[in-house]
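Working notes for the structure below.
Readers should treat all values here as calculations from the given coordinates under stated rules, not as data from a laboratory. If you're wondering where the values come from, they're calculated on a predicted model, not measured in any experiment. So basically every Cβ, Gly included, is an ideal-geometry build from the backbone, and we count neighbours across all protein chains shown.
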Amino acid sequence: MPQPKRHPDSAGDDSLGESTSDPPTSVDSGPGCMPAVLATAVLAGIIGFISCGVLTWVIFQKQDVLALRAMRGSVIPAIEQSRLSPEEKNSTVKLLEDFADQLERKQVDGWQASGVMQRLGRLPILQWAQIRLVETYVDEHPEQFVDDASLQFDRIRKGVERNDITKFDFLHILEPLLEVSPQGEDASLADDWQSRAIDEVIDRARLVADRSGIEAEPKSDITIDVLVRRQVEAGIKEGTY
């Protein structure tokens, strides 16, 4: 039987032609869970911010209560047991007792109580007595120390009056004579004083006074009860620094 003739265009490969269909396209899965995660994070931040604000407000409203507890529980007892002179001690305790009474009668707002406590926290009330003791020892043994040794204690007290020198400066100055680290605010003076330790206290007092720009010879001295009264009045009038 005769074979059918091929068409000229069909010459060549006898295999089936390859598929000409388009390649598969990727499926867009959308943004996924990222928007939800971001929204949750933003919401959590807002809630945290609001909670922090509310907590701060609550604590601030209780500043008078906290101040009263501190006054009655620690500040006044510590001063009563301090080595301040009887005159300074009695006057200072009386001032703080009056302030505590105002707190108890709700005559002081939270911002005022906070201001008074912050200002009193900067005053070297207990350290004032310690500096006085060192100064007395220096005055009683003038041959052992430099001529202007006692003057340096007048200068740092003047610095406290000007709000240029604080309790933390006094702790630094007294460190060579303290029984424990100056980080302990109630650190007491050692019983055995060495002359070289007192020399270092004098040098530190001089450096602190120089740094604060206190004149070499202050015209007057001041007592701690006067400074306490000023800071209580300023805290009630102006609040914190």
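A few comments on the model shown:
- The Cα-based radius of gyration of the range 83-190, divided by its Kirkwood radius, gives an Rg/Rh of 1.04.
- Cross-link pairs beyond the 23 Å C-alpha cut-off, checked among LYS62/LYS89; LYS62/LYS158; LYS106/LYS158; LYS94/LYS237; LYS94/LYS219; LYS89/LYS167: LYS62/LYS89; LYS62/LYS158; LYS106/LYS158; LYS94/LYS219
- Legend: P(r) of the range 146-241 from all alpha carbon pair distances, 5 Å bins from 0, whole percents, reading 2, 13, 20, 20, 21, 14, 6, 2, 1.
- Whole-number D in µm² s⁻¹ for the range 75-115, Kirkwood Cα-pair radius fed into Stokes-Einstein, 37 °C, 0.692 mPa s: 297 µm²/s
- The shape of the range 190-241 can be summarised by an equivalent ellipsoid whose semi-axes, obtained from the alpha carbon gyration tensor, come to 30, 16, 12 Å from longest to shortest.
- A simple count of charges around SER114, restricted to other residues whose Cβ falls under 14 Å of its Cβ and scoring Lys, Arg +1 and Asp, Glu -1, yields +2.
- When peptides 97-107, 63-73, 186-196 are ranked by their average number of other Cβ atoms within 10 Å per residue, the highest-first order is 63-73, 97-107, 186-196.
- With both labels modelled 7 Å from their Cα along Cα-to-Cβ, the ASP203 to ASP98 distance reads 4.4 nm.
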